[in-house]
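The values are calculated or read from the model by the stated rules, or taken from the named source; none is laboratory data. None of the values given here were measured: they were computed from a predicted structure. Because the Cβ atoms are built from the backbone with ideal geometry, glycine has one as well, and the counts that use them run over all protein chains shown.
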């Protein structure tokens with residue numbers, strides 16, 4: 001009886017200690033891991049590089065077409081009044097219509113803006129993944145602790161049963177049942193150890209580090225009594241939806257560029273022809289070189305390409321609008337489901353708490369019968385199994401509560 005009371009007192013003290021101090025360190029530990037993941041995760045780095053590339057496109061489009069320079073030598077020199085033409089040098093530069101380069105820069109900037117939202121979305125997803133993995137590891141650790149407590153309790157019961165066997169008030173079968181139950185719990189504990197190693201690998205790889213690095217997981221999590229209100233209106237500001245807005249704007253800029261490119265292009269050029277002097281004549285322009293400035297105009301008479309692109313841009317805008325509405329519907333569904341699931345897990349947790357209290361009361365009644373020598377170890381095992389079931393269910397409820405919270409945070413923060 002003293003061993004059992006000592007065990008229960010230790011459980012109460014450990015619970016109170018864990019409750020208060022874990023609340024102080026939980027947020028700090030998880031936040032530290034998240035910061036490390038945001039710095040080191042290669043997927044984030046990939047999107048950041050893609051954004052840099054898209055931003056650099058502005059410099060790529062801020063340029064004129066290549067300057068055309070040509071040179072030719074007259075093998076058979078044509079004779080003119082002023083002399084024979086020896087060679088020709090020409091240069092030409094085409095210039096886009098006024099505002100075309102600015103339109104190209106605006107289009108490139110709009111694509112970069114849309115690409116930036118990929119970084120924001122990826123970071124949100126990474127935060128959610130790290131948090132979920134962290135809570136999964138917490139649940140595994142908590143289950144391992146509960147299993148150890150129950151194994152210790154069964155060892156206490158086994159000692160009691162052996163004492164009863166000696167005085168003829170219990171059978172060896174009762175002892176064997178207790179030992180088999182301990183073996184089952186030990187098996188579960190070892191399986192959880194392997195599950196924890198798998199989750200630890202997943203967590204470390206999210207942080208881009210060695211899989212064997214030990215993770216500091218909080219000892220105790222509790223479901224808060226007061227619920228924080230989340231507004232579905234915040235979904236309108238979600239980066240997944242903002243990305244559609246920026247894609248829509250990029251199509252607008254694409255159409256403005258299309259209109260500019262459908263305008264004529266102007267070209268400026270200069271031809272220089274070297275002329276030899278005529279030896280048989282003397283006059284003022286004898287051997288005078290030819291210098292000829294030129295202006296060209298490139299007119300897109302057959303502009304079916306630009307008309308087609310205008311139609312495509314209109315359909316792209318309609319497509320983006322439909323995609324945004326579809327994604328908004330999905331996000332609202334996920335949001336409502338997460339809210340309702342969180343409420344449901346809180347209800348489940350409260351019911352499990354009541355069941356666990358009643359199971360402990362039943363355990364106390366059975367243990368008190370130890371004094372009169374009428375303990376039934378089959379009933380003890382049944383109650384112990386129920387207690388373990390309720391404890392595991394509580395841990396699952398806590399884990400599910402925080403997993404749903406990470407979903408809500410992804411959608412609204």
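Annotations for the structure displayed:
- Taking the numbered list (1) in contact with a strand residue (DSSP E or B) (Cβ under 7 Å, 6 or more places away or on another chain); (2) in contact (Cβ under 8 Å) with a residue 24 or more places away in the chain; (3) exposed (fewer than 13 other Cβ atoms within 10 Å of the Cβ) in turn, residue 276 passes all entries but (3).
- Scope the range 77-104; condition part of a loop (DSSP other than H, G, I, E, B) and surrounded by fewer than 15 Cβ atoms within 10 Å (Cβ to Cβ); matching residues: 77, 78, 81, 98, 99
- Number of the exception - residue 300 against (1) modelled with pLDDT of 95 or more; (2) assigned to a loop (DSSP other than H, G, I, E, B): (1)
- Yes/no for residue 179 being over 26 Å from residue 366 (Cα atoms), part of a helix (DSSP H, G or I) and modelled with pLDDT of 85 or more: no
- Residue within the range 254-261 that is surrounded by 13 or more Cβ atoms within 10 Å (Cβ to Cβ), within 30 Å of residue 331 (Cβ to Cβ), at pLDDT 85 or above and more than 26 Å from the chain's Cα centre (by Cα) present: yes
- Residue in the range 48-56 that is closer than 30 Å to residue 92 by Cα, more than 16 Å from the chain's Cα centre (by Cα), at pLDDT 90 or above and exposed (fewer than 12 other Cβ atoms within 10 Å of the Cβ) present: yes
- Selected residue (only one of 314, 319, 363 is part of a helix (DSSP H, G or I) and either touching a residue at least 40 places away in the same chain (Cβ under 8 Å) or exposed (fewer than 13 other Cβ atoms within 10 Å of the Cβ) (or both)): 314
- Residues in the range 205-227 that are surrounded by 19 or more Cβ atoms within 10 Å (Cβ to Cβ) and in a helix (DSSP H, G or I): 206 only.
- Out of 59, 5, sole residue that is over 30 Å from residue 149 (Cβ atoms), at pLDDT below 90, surrounded by fewer than 14 Cβ atoms within 10 Å (Cβ to Cβ) and out of contact with any strand residue (DSSP E or B) (no Cβ under 9 Å at 6 or more places or on another chain): 59
- Meets criteria (more than 30 Å from residue 251 (Cα to Cα), part of a helix (DSSP H, G or I), modelled with pLDDT of 90 or more and over 19 Å from the mean Cα position of the chain (by Cα)) for residue 142: yes
- Filter pass, residue 328 being buried (at least 16 other Cβ atoms within 10 Å of the Cβ), modelled with pLDDT of 85 or more and in contact with a helix residue (DSSP H, G or I) (Cβ under 9 Å, 6 or more places away or on another chain): yes
- Tallying residues that are surrounded by 14 or more Cβ atoms within 10 Å (Cβ to Cβ) and without any contact (Cβ under 8 Å) to a residue 24 or more places away in the chain within the range 157-178 yields 3.
- Tabulated pairs, the range 182-195, first over 17 Å from residue 391 (Cα atoms), second modelled with pLDDT of 95 or more, C-beta under 6 angstrom, 6+ apart or interchain: 195/140
- Test: residue in the range 262-279 that is in a helix (DSSP H, G or I) and modelled with pLDDT under 95: no
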